[in-house]
Structures are given as structure tokens and as C-alpha cells.
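Beneath this line is the structure, given in C-alpha cells, with notes to follow.
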Amino acid sequence: MTNWETIIGLEIHAQLLTESKMFCSCSTKFGAKPNTNICPVCTGQPGVLPVTNKKAIALAIKTAIILNCKIEKTSIFARKNYFYPDLPKDFQISQYELPLAVNGFIDIEVEGVKKRIGITRVHLEEDAGKLVHKGSARIMGAGESLVDYNRTGTPLMEIVTEPDIRSSLEAKVFMETLQHLLQFIGVCDAKMEEGSLRCDANISIRPEGANKFGTKTEVKNMNSFRAVAKALEAEEKRHKEVLQEGGKIIQETRFFDDIAETTIGMRSKESAHDYRYFPEPDLVPIEPEHAWIEEIKKTIVELPTKKAERFEKDFELSKADAEFLTSTPAIADFFENCAKHYSKPKIAANWIMGDLAAYLNANNLTIDKIDFSPLKLAEMLGLIDKGTISGKIAKIVLAEILKTGKNVQDIIKDLGLTQISDESEINNIIDEIINNNPKQVAEFKSGKDPVIMFLVGQVMKASKGRVKPDMAQELLRRALS
Amino acid sequence: MNSLTAHELHQLLLNKKVSSVEITEAVFKQIEKNEDKVKAYVSLTKEKALKNAEEADKRIRSGENIPPLCGIPIAIKDNMCTKGTRTTCSSKILNNYLPPYDATIVKKLDDLLAVPTGKTNLDEFAMGSSTENSGYFTTKNPWDLKTVPGGSSGGSAAATAADECILALGSDTGGSIRQPASFCGVVGLKPTYGLVSRYGLIAFASSLDQIGPITKDVTDAALLLNAIAGYDQKDSTSVNRPVPNYQNSLVNSADKLRIGLISDLMGKGIDEDVKKAIKTAARVFESMGAIVEEVSMPTFEYAVPTYYIIAPAEASSNLARFDGVKFGHRSKEAPDLINMYYNTRKEGFGSEVKRRIMIGTYVLSAGYYDAFYLKALKARTLIKQDFEKAFKRFDILISPTAPSVAFKIGEKANDPLSMYLSDIATIPVNLAGLPAISLPCGFSKGLPIGLQIIGDAFAEEKTLQAAFAYEQHTDWHKKRPKL
């Protein structure tokens with residue numbers, strides 16, 4: 001039995017978070033009525049010319065910086081020529097020779113082991129439109145096909161990795177790490193299911209120790225992290241089976257069938273394109289000035305891995321906690337600001353990861369979209385420490401703040417949630433409890449000491465939790481002695 | 001009245017001797033009289049013309065500051081987009097195309113209240129040198145209706161020569177302004193690449209195309225260049241630099257002007273009468289105190305083959321969008337997508353366009369790109385360097401605009417190579433992106449000969465001055481065809 005080594009390289013497309021399209025000023029907003037975000041330029045009317053969106057270049061440069069790439073002094077756009085109805089000009093403006101940035105890497109961690117994946121290039125291009133077919137899933141055989149050019153011209157960033165990935169799991173982790181990075185620096189919302197982050201893979205296998213690569217196939221249509229893992233697992237298995245039976249792998253493009261969890265070959269004729277790339281004569285080269293790149297560098301926040309390490313150290317958090325708190329820049333900022341105003345970071349972390357996260361999840365919100373400040377959380381936690389409210393009451397207070405956006409103090413006052421510390425007031429409640437529970441009082445007096453806890457519970461209930469339990473116990477014992 | 005120039009008419013308008021509506025009516029009367037013979041226009045826009053003429057007259061009456069082209073009838077080559085007005089590129093594939101926007105230069109002229117007479121005929125998608133490749137009809141040379149007006153801006157040149165407009169816009173990819181200007185005995189100026197916005201010019205070869213004036217004299221060329229030159233945000237290849245007032249360069253002096261006569265364009269393949277006229281022109285310059293020396297441009301022999309790789313390569317991609325999906329002609333024989341593409345393009349494009357799309361597709365194909373396209377780019381660089389060297393020695397270069405005077409309709413129609421060679425003097429200028437003007441400098445067998453003056457990049461002023469000085473010393477531009 002041969003031991004095989006799997007070689008994977010990924011080609012990722014990420015939609016950039018710009019307001020307007022790559023080469024015109026149309027909105028990139030998702031979900032508009034078909035063919036409303038269009039103009040002569042993005043519908044390829046005769047005579048129009050493209051004008052490059054500077055913001056898109058800035059976002060791609062930002063990405064190139066965090067992917068440790070070399071940003072080229074001169075890069076050029078090229079035309080990729082092919083006919084298709086979702087491509088109004090029948091060529092896509094992309095980059096071919098002289099891409100925006102080259103030679104970078106990302107470090108990933110797979111099952112506790114760190115690994116570096118090389119980035120071959122980062123380049124810019126425009127997205128195509130969307131086709132809807134009637135009577136068939138594909139254009140061939142459809143009775144009618146409609147095209148929506150709203151997405152046409154949306155800025156895309158292509159990221160190509162070196163063939164450094166060795167398993168489907170590594171591929172999945174790479175994609176997750178990349179997603180996290182892109183979201184973290186705010187260049188892409190990077191949702192695979194929604195198509196704002198897409199990925200194709202080149203995969204081949206070779207006998208362990210061999211120098212030469214095997215024949216590769218390209219796998220398309222992987223629309224989730226799970227699909228990336230499943231598709232590459234299936235394709236890896238297929239390669240092994242073919243080769244072990246003495247067969248040959250044909251270089252081709254294969255589609256992943258998400259339901260059957262297998263890959264399906266296309267007719268090689270369809271994938272044997274000659275795109276006739278040549279330099280786009282309607283655009284001038286991109287020559288980013290050093291000062292501009294430095295300016296972009298300044299907008300890059302501390303990256304998640306570094307931040308997590310710092311949180312672990314500075315705030316004495318577990319690795320898992322630190323990773324959670326650095327999952328987005330907004331959460332990290334929230335936590336850090338709260339920790340500035342409250343001295344027990346672990347407790348603040350627990351509240352953020354517990355009640356707050358549960359609320360956000362349940363309501364499908366993110367921390368930057370709610371009317372709640374780290375200062376309010378710090379204030380509330382301070383009130384617990386001071387004994388003004390109990391931890392239990394604090395849960396009610398937090399829920400109320402999130403619901404109404406009111407101040408901590410106002411809520412406590414409005415709902416009458418302050419802890420009762422006046423002994424005579426507590427004794428009034430205790431007298432009532434003793435009167436209403438003669439049986440338990442008798443039991444306690446006959447020596448069944450644990451019954452005290454039942455009575456404490458009754459006091460808590462009657463006071464709606466506003467009495468500190470240890471104080472209730474102490475005063476109960478005094479009253480019953 | 002319609003035989004006057006724009007600057008003459010401007011004075012008459014300012015002095016209220018004539019109204020724009022009267023000029024416009026006169027031009028349309030001339031069109032009515034002669035258009036059957038000349039066939040310069042694909043579409044006329046009389047309604048829009050009269051509307052602008054009335055507006056212009058209002059503005060003139062109000063005594064506002066009146067720009068030189070206000071109220072002046074101008075013809076526009078039919079490859080420039082005019083919002084809501086049919087724009088065909090003289091191609092069947094765009095027979096029904098109504099652009100949803102105005103080209104930048106169309107908008108600029110409209111803002112000045114110039115009067116658009118109509119859209120002029122061209123070789124389909126500007127591919128040709130005679131208008132015989134028009135998808136509709138061939139325009140006739142007003143000097144001899146049996147000969148071609150040149151091309152591709154043959155409609156604009158013929159309309160100008162036949163007084164069917166006061167001036168016109170052409171576009172020049174390999175000589176398409178200058179060669180028809182030469183054939184029709186008018187002035188044609190191709191500006192430096194990047195001086196005039198290409199936004200709205202339906203692209204033939206993007207790295208070579210440039211819009212420019214076709215006029216009855218050099219002064220009008222300067223006025224029209226003033227109106228259309230300048231940076232446009234919508235055209236990334238337009239150059240952001242201050243635009244001078246080209247009227248200021250109309251100085252009647254060529255004293256100490258260093259002129260290079262391109263010897264490579266004075267030898268084999270050039271008609272004797274043409275050579276004689278150019279030599280005489282050189283002597284006219286010398287008489288004004290200019291210093292004329294011969295200069296050799298050894299890379300010129302590669303210009304035509306270089307051009308016929310780069311231009312078709314870009315065209316094959318530029319013309320891909322005419323696919324029947326979004327606008328223009330769509331074949332009725334469209335059982336599926338592939339056949340819709342095939343049949344639409346088969347029915348919509350003429351044979352020269354198809355030939356160039358095939359050449360362009362071929363030279364960009366895997367395995368041929370390096371041997372053809374890349375090599376052509378290198379040759380283009382060498383041609384540019386030849387010019388750079390020459391402009392260290394000379395202020396301007398001169399040559400014939402075309403190897404011959406206008407040829408007979410049909411004479412070269414079936415011989416594309418000989419047709420391609422008729423652009424030998426103009427093509428190198430486009431490859432180097434330089435400005436050049438063609439102006440009348442004599443006659444052969446009753447047909448006009450054109451003198452080409454080439455300037456260094458953005459040296460339109462020097463080029464115009466040399467042309468103006470020459471014009472002041474000659475009468476060729478005053479000759480008019482008898483229709």
C-alpha cells in the first residue's frame with residue numbers, strides 16, 4: 001500500500017466592502033431590485049470606460065499587508081476574455097501579469113500545531129452578474145434566462161495560496177483563519193454561505209517522499225467551510241482510488257455536489273478556456289505611493305492572534321477566553337474598554353461571554369450594533385462588588401439595559417432592585433416568614449439545622465432577591481435563637 | 001454662407017449679420033441638395049440642430065460671452081455616443097442602438113450650443129480607409145464622386161468638403177482623421193493620445209483611438225480642439241494637465257523652425273505628384289526661414305505590421321460585447337446561447353470587422369501571444385524611440401499624409417493589404433501617441449494632396465503654428481470642390 005501525500009492550493013475570491021463598484025460609481029448594496037444598481041459602464045455599453053475605485057485598491061493593499069505580501073510598485077489590469085451573458089463586456093477586468101501584491105504567508109494552527117501557508121498573489125478584479133434560468137439549472141437547455149447586472153462590477157480580491165496545504169482539514173482551518181482576518185480588518189464580511197467569500201481548490205496527490213507533483217484537479221462550488229473539508233476529502237479519496245487501481249487522473253475542473261458529497265467532472269471542453277489575457281488598455285497602471293501604503297498601515301488594527309496572546313497575558317485569561325474575546329474587533333474593544341473601568345477582567349469576560357453573548361446570539365445582533373457601552377457593564381459589575389445589587393439581580397438589570405438602553409442606576413431605582421441592607425426592614429420580612437412557616441420553624445428548633453436554608457430561600461423569595469443570603473441567614477438565626 | 005469657416009461665421013454671429021438658425025438652414029439646404037451624391041451622413045439630427053441654433057441665437061441676443069463654436073453646425077462621426085440619437089458605427093449590429101448617455105465631447109459641444117447636424121458615415125467600427133466597409137453605403141469624395149473620401153472618418157471629411165457642415169469630428173486610430181482630410185482637401189488633426197476624452201467613443205483600438213477635428217482651415221481646427229481637449233475623470237487614459245488656448249498658437253511664423261522631412265515616406269510606393277507637392281511644401285517652409293533636413297525613421301517599415309497586430313488584438317476584445325444579449329442586433333436564429341452568439345455576430349458584422357476580430361483573437365491566443373502581440377508591443381516601443389530621437393533634432397516632422405490621392409471606389413476593396421499600406425504614413429504617429437495634422441498642399445489629377453505635420457507629445461501648439469504659417473503662405477485650403 002502506497003502512502004500518499006495530498007497537495008492543495010486554494011484560490012479565494014473575497015468581495016471587498018466598498019460603497020461603490022470596482023470601475024463605476026454604482027452602489028454595491030446587496031438585495032436591490034434586479035438591474036437597479038446599474039449604469040452604462042457596468043452594463044458594458046459601447047464607448048464606456050472603466051475608472052478604478054481607489055477604496056478597493058486600499059482595501060486590497062490592507063489585506064496584502066496583513067498577509068505579509070510584497071506590494072508591487074507597478075501593477076496592471078488585464079482583460080480576461082470569454083463570452084457569457086452575465087459578463088456584459090464579454091471580458092472581465094482582472095489582473096494577470098504584475099498583480100497588486102505577491103509572496104506572502106499566513107500562519108495557521110491545526111490541532112495545536114502551527115503551520116505557515118504561502119500566499120502567491122493578491123489581485124483585484126470585478127465580479128460578474130447573476131443569471132436566473134427557467135426550465136433548467138443551466139443556460140443550456142433553459143427555455144428562458146434572465147440576467148441581473150446589480151452584482152456586475154462589484155470589487156473582488158483574489159488571493160492565491162502556494163500548494164502548501166496538506167489536508168482537507170488544513171484547507172478548512174486556512175479558510176477559517178483567513179475569514180477571521182478579513183473580517184477583523186474590515187475589508188470583507190467574508191460569509192461563504194452568502195458568497196462574499198468563495199474558494200476553489202487545486203488538489204493532487206503523490207507518493208510520500210516524491211518530488212514531483214501529481215496531476216491536479218480543480219474543485220469548485222464549495223459554499224461553506226464544511227463543504228471545503230468534505231469536497232477535498234472526497235476528491236482526495238477519489239484520487240487515491242484511481243491511482244491505486246492503476247488509473248490516471250485527468251486534469252479537469254470538478255464540481256462539488258453538496259448533497260451526495262462527491263465531486264463531478266465537467267466535460268473538459270468546457271474548462272479548456274483560452275482567456276487571451278492582455279493588458280487592459282483603458283486603465284493606467286496602479287502605482288501605490290509609499291506614503292499611501294504607510295497611511296493604510298496605520299488603519300490596521302492589532303491582529304487577532306497577537307491580541308489574544310496579549311489578553312491572555314495582561315488579563316490572566318484562559319486561551320479559550322482570549323480567543324473568544326478577540327473573535328471580532330468590536331468584542332475585543334468592548335472587553336478592553338470595560339477592563340479599563342473595572343478591575344476584575346475575568347469577571348467582565350464571563351459576563352461578556354455569558355449573558356451578553358447569549359443575548360446577542362438570541363437576537364442575531366453584534367456587539368457594535370447595540371445600545372450598551374463597556375462603561376455601563378463596568379458600572380454594573382462595580383455595584384455587585386459594592387453589594388448594591390446581587391449577582392442574580394444583575395442578570396435582571398443587564399437584560400433590562402439591553403432591552404431599554406437605560407442607565408444602570410435608573411433601572412435599579414425604577415424596578416426597586418437595590419439590596420436591602422436596613423436590618424429592621426429585613427427583620428420585618430423574617431417575622432412574616434417565621435409566622436407563615438410554623439412547621440419548618442419547629443423542625444429547626446428541634447435541631448434540624450439544614451432547614452435554615454429553606455427559610456433563607458423564603459426570605460430571598462419574599463424580598464425578590466434583594467437581601468444578601470448570608471445576612472438573611474444571620475438575622476434568621478438570631479430571630480430563632 | 002455654409003461654405004464659410006467657423007471663425008468667419010462666429011464674427012458674423014457676433015455682429016448679428018446672420019443668425020445660427022439661418023446658418024443651420026443653409027447647411028441643411030446644402031445637405032438636401034448634395035447628400036444624394038455625397039452620402040456623408042448615416043443619420044441627420046435637424047430637430048436637435050434647430051433647437052440648439054435657436055438657443056444659440058437667444059444666447060447671442062442676450063449679449064453673453066459667446067464661445068466660438070456657439071451656433072455653429074458640426075457633424076459628428078457615428079462612432080460617438082449621442083444620448084437617445086441612433087449611433088451605429090456604420091454597423092448593422094448597432095442598427096437600432098440608442099445610447100443611454102452622451103460622449104464627453106458630445107456633451108461639451110452641446111454645452112457650448114454647437115449645432116449637431118447629424119452622424120457621419122464611417123468604415124464599420126472605424127476599420128478601413130475608404131468608407132467602403134460601412135455596413136450601409138460608401139461615401140463619395142466631393143472632388144470626384146467616383147473616388148473614395150478616405151476613411152474611416154470619410155463621412156466627416158466629405159461633409160466638411162461638401163459644405164454639408166461647417167466643421168466635423170472624426171476619430172483617428174491609424175490615420176482615420178488625417179487620410180480622409182487629405183483625400184477631401186480639408187484639415188484633419190489627430191491630437192496627442194490622452195488630450196481628448198475617449199469616453200463615449202465606441203472603441204476600435206483603445207490604446208490608439210483619439211478624437212479630433214476635421215475642418216476647412218487650421219484656425220477652425222484650433223477652435224474645435226479648444227472645445228474638446230482636456231482631462232476627463234471618466235477616461236483614465238486622459239491626461240490631467242493644463243490645456244492651453246490653441247488659438248494663441250495661430251502665429252504666422254516658421255522662422256528657425258527645425259523641420260525633419262521623413263525620407264522613409266518619400267521613396268518607393270509614394271506617388272510622384274505627392275512627393276513633388278511635399279518637396280514644394282518644404283520649400284515654402286524654407287522661404288519662411290525654417291530649416292528643413294531629411295530624417296530617416298528606420299522602424300517605420302515595421303509600423304503597419306505592428307499596427308495590424310495591436311489594433312485587431314484590442315478590437316477583438318472591444319467588440320466582444322456586441323453579442324446580442326444587451327443591445328443592438330440579435331439574430332432571430334437563436335436556438336441556444338452559442339448559436340445566438342454565432343448568428344448575431346455573423347449577421348451583424350461585415351467582412352473587414354470579422355477579419356480583424358479573427359486576426360486579433362489569433363494573436364492573443366495561447367502559444368501566439370509572445371510571437372505576435374508581445375513582439376508588436378516591443379516594435380511599438382522602438383517606433384516611439386525613433387520619434388524621440390527625431391524630436392531631439394527637430395521641432396516638427398513632415399511627410400505626405402497618404403501615399404497617393406483618393407483612389408477609385410472599388411479599386412482596393414478586394415485587396416486588404418494594399419488598403420492597409422495606404423496608412424503607412426499615419427500609423428506610426430498613432431503607435432507613438434503623437435499629434436499630427438493633415439492640410440491641403442496641392443493637387444494631382446484634380447484631387448487634393450495632404451501634407452502631414454507631426455509634433456512631439458502634447459506639442460499641439462507648435463504643430464498648429466507650423467500648419468497655420470504654411471496655410472497663410474498658400475491657397476490650397478481655399479479651393480472647394482464643384483458639386
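Every number in this text was worked out from the coordinates using simple rules, so none of it is lab data. These numbers come from a predicted model, not from an experiment. Because the Cβ atoms are built from the backbone with ideal geometry, glycine has one as well, and the counts that use them run over all protein chains shown.
What does the charge count around residue B:478 come to, taking other residues whose C-beta lies under 14 Å from its C-beta (Lys +1, Arg +1, Asp -1, Glu -1)?
With Lys, Arg at +1 and Asp, Glu at -1, the neighbours total -2.
Relative contact order, whole percent, for the stretch B:301-376 stands at 42, derived from Cα pairs under 8 Å and 6 or more residues apart. Rounded to the nearest whole Hz, the Karplus-based 3J(HN,Hα) values (6.51 cos²θ - 1.76 cosθ + 1.60, θ = phi - 60°) of the stretch A:418-430 follow the sequence 5, 5, 8, 10, 6, 4, 5, 5, 5, 4, 4, 5, 4, with x at glycine and proline.
Of all lysines in the structure, the ones whose alpha carbon falls short of 19 Å from that of residue B:378, not counting any fewer than 8 places away in one chain, are B:389. Evaluating 6.51 cos²θ - 1.76 cosθ + 1.60 at θ = phi - 60° for every residue in the stretch A:77-92, the Karplus couplings come out as 8, 9, 9, 10, 9, 6, 8, 6, x, 7, 10, x, 7, 6, 8, 9 Hz, glycine and proline recorded as x.
Once Rh is set to the Kirkwood radius over Cα pairs, what Stokes-Einstein translational diffusion coefficient, in µm²/s, holds for the stretch A:288-329 at a temperature of 4 °C and a viscosity of 1.567 mPa s? Here the translational diffusion coefficient equals 113 µm²/s. Computed over chain B, relative contact order equals 18 percent, with contacts defined as Cα pairs under 8 Å that lie 6+ residues apart.
Count charges around residue A:344 for me, please; just the other residues with Cβ under 11 Å from its Cβ, Lys/Arg as +1, Asp/Glu as -1. Charge balance in the 11 Å sphere: -1.
Shielding value for B:94-102 is 2, the average number of Cβ atoms from other chains within 10 Å of each residue's Cβ. Binning all Cα-Cα separations of the stretch B:301-376 at 5 Å, short to long from zero, yields these whole-percent fractions: 3, 17, 22, 20, 15, 11, 8, 3, 1, 0. Close amide-amide hydrogen proximity is noted between residue B:295 and B:261, B:262, B:263, each under 5 Å apart and 5 or more residues distant or on a separate chain (H modeled in the peptide plane; Pro and chain starts excluded).
Spin-label model, residue B:368/residue A:273: points 7 Å from Cα along the beta carbon direction are separated by 2.0 nm. Structural descriptor for chain A: relative contact order 13 percent, calculated from alpha carbon pairs under 8 angstrom and at least 6 residues apart.
A simple spin-label model places the labels of residue A:30 and residue A:213 3.2 nm from each other, with each point 7 Å out along Cα-to-Cβ. Using the Cβ-Cβ distance between residue A:431 and residue A:392 with R0 set to 35 Å, the FRET efficiency from 1/(1 + (r/R0)^6) comes to roughly 0.90.
Ignoring lysines fewer than eight residues from residue B:354 along the same chain, the ones with Cα atoms less than 21 angstrom from its Cα are A:80, A:89, B:92, B:326, B:332, B:346, B:412.
Once the Kirkwood radius over Cα pairs is known for chain B, the Stokes-Einstein relation at 20 °C and 1.002 mPa s delivers a diffusion coefficient of 97 µm²/s. Here the label points at residue A:341 and residue B:111, each 7 Å from Cα along the C-beta direction, are separated by 5.3 nm in the simple model.
Computed FRET efficiency, Cβ-Cβ of residue A:287 and residue A:19, R0 22 Å: what is it to the nearest 0.05? With R0 = 22 Å, the Cβ-Cβ based efficiency is 0.40.
A cut-off under 9 angstrom between Cβ atoms defines the neighbours of residue B:7, and their net charge, with Lys, Arg +1 and Asp, Glu -1, is -3.
Computed from backbone phi with θ = phi - 60° and the Karplus coefficients 6.51, -1.76 and 1.60, the 3J(HN,Hα) list for the stretch A:288-300 is x, 6, 3, 4, 5, 4, 4, 4, 5, 3, 5, 7, 7 Hz; x is used for glycine and proline. Here's how it looks for residue B:331: its modeled amide H is under 5 Å from those of B:344, which are all 5 or more places away or on a different chain. In plain terms, the residue of B:476, B:143, A:351 with the fewest other Cβ atoms within 10 Å comes first and the most crowded comes last, giving B:476, A:351, B:143. Sorted ascending by nearby beta carbons within 10 Å, beginning with the fewest, B:441, A:69 become A:69, B:441. Equivalent-ellipsoid semi-axes for the protein assembly as shown (Cα gyration tensor, √(5λ), whole Å, largest first): 75, 34, 25. Around the amide H of residue B:442, modelled in the peptide plane, lie the amide H atoms of B:449, all under 5 Å away and 5 or more residues distant in sequence or on another chain. Stretched out straight at 0.36 nm per residue, the stretch from residue B:37 to residue B:287 would grow longer than its current Cα-Cα span by 85.9 nm.
Annotated for the stretch B:18-70: lysine pairs at least 8 residues apart or interchain, Cα distance under 19 Å, count 8. One decimal place: the segment residue A:361-residue A:373 gains 2.6 nm when fully extended, by the rule 0.36 nm per residue minus the C-alpha distance.
I'd like the distance separating the alpha-carbon centroids of the stretch B:371-427 and the stretch A:99-170, in whole Å. Cα centres, the stretch B:371-427 to the stretch A:99-170: 44 Å. Cross-link partners for residue A:134 among the aspartates and glutamates, with Cα-Cα distance under 13 Å and sequence neighbours closer than 8 places in the same chain left out: A:144.
Peptide A:80-88 has a mean of 4 when you count, residue by residue, the C-beta atoms of other protein chains within 10 Å of its C-beta.
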